[in-house]
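The values are calculated or read from the model by the stated rules, or taken from the named source; none is laboratory data. These numbers come from a predicted model, not from an experiment. Quick reminder, even Gly has a Cβ in these numbers, built from the backbone with ideal geometry, and neighbours come from all protein chains shown.
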Amino acid sequence: MNVGALFLLRGQKEETMKSIKVGDKVQITCEAKLESGELCYKNDADNLIELTVGEEKFFPAIEKALKEMGEGQTKTITLEAAQAFGPHIPELIIKVPKTVFQNDGDLEIGSRVKIDAPTGKSFVATVVAMDESTFTLDMNHLLAGKRLIVTFTVVAILTSVAQQ
């Protein structure tokens with residue numbers, strides 16, 4: 001094969017390799033771990049995450065990192081607590097009377113409970129302490145205040161801004 005044909009083939013391959021741009025809809029697999037290595041989340045090819053890059057409905061730092069990636073490419077990034085689930089806020093730890101819960105005999109430290117606010121909004125809290133008359137509930141997200149190591153792979157670029 002001559003050098004000109006080699007450049008032609010290389011050029012054709014580069015043209016067919018799509019890279020992600022803002023506005024592209026993509027499917028990814030994702031794995032998130034704590035710094036300790038503890039697995040927090042993992043999906044697979046049967047349960048892909050689908051998102052439109054730039055909408056910031058997913059983690060913005062991951063959406064930014066997806067730009068210019070192509071199908072089959074993998075990246076690992078670290079999300080600081082503020083980029084992930086936010087800081088742990090001490091004011092979201094509250095004490096409530098045990099009488100608030102009808103089946104308080106089933107609750108123990110570590111139990112997750114749903115709280116329906118008068119506004120119609122629901123919250124999930126974790127029982128972190130209890131005594132004879134009260135539960136102490138932490139309403140922070142379980143991963144609040146934690147740094148995450150996230151590895152993601154682009155499985156497919158479904159729609160490209162260039163195609164629209």
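Say whether the condition of being surrounded by fewer than 12 Cβ atoms within 10 Å (Cβ to Cβ) and either part of a loop (DSSP other than H, G, I, E, B) or out of contact with any helix residue (DSSP H, G or I) (no Cβ under 7 Å at 6 or more places or on another chain) (or both) is met by at least one residue in the stretch 147-159.
no
Could you figure out which of (1) in a loop (DSSP other than H, G, I, E, B); (2) loosely packed, with under 15 Cβ neighbours inside 10 Å isn't true of A129?
So A129 meets the others, but not (1).
Take the residues of the stretch 13-72 that are part of a loop (DSSP other than H, G, I, E, B) and of a type in the set (F, W, Y): which is surrounded by the most Cβ atoms within 10 Å (Cβ to Cβ)?
F59
What number of residues within the stretch 105-164 are at pLDDT 90 or above and under 30 Å from G54 (Cβ atoms)?
Of the residues in the stretch 105-164, 22 are at pLDDT 90 or above and under 30 Å from G54 (Cβ atoms).
Here's the yes/no breakdown for (1) basic (K, R); (2) in the same structural domain as I20 (by TED's automatic domain parsing); (3) at pLDDT below 95:
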| position | (1), (2), (3) |
| --- | --- |
| L34 | no, yes, no |
| N47 | no, yes, no |
| E50 | no, yes, no |
| G54 | no, yes, yes |
| K57 | yes, yes, yes |
| E68 | no, yes, yes |
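Please name all residue pairs, on different chains or six or more residues apart, with Cβ atoms under 6 Å, provided the first residue is in the stretch 64-91 and is closer than 10 Å to V154 by Cβ and in contact (Cβ under 8 Å) with a residue 60 or more places away in the chain and the second residue is of a type in the set (S, T, N, Q) and surrounded by 14 or more Cβ atoms within 10 Å (Cβ to Cβ).
Listed pairs, sorted by first residue: G70/S19; T74/T153.
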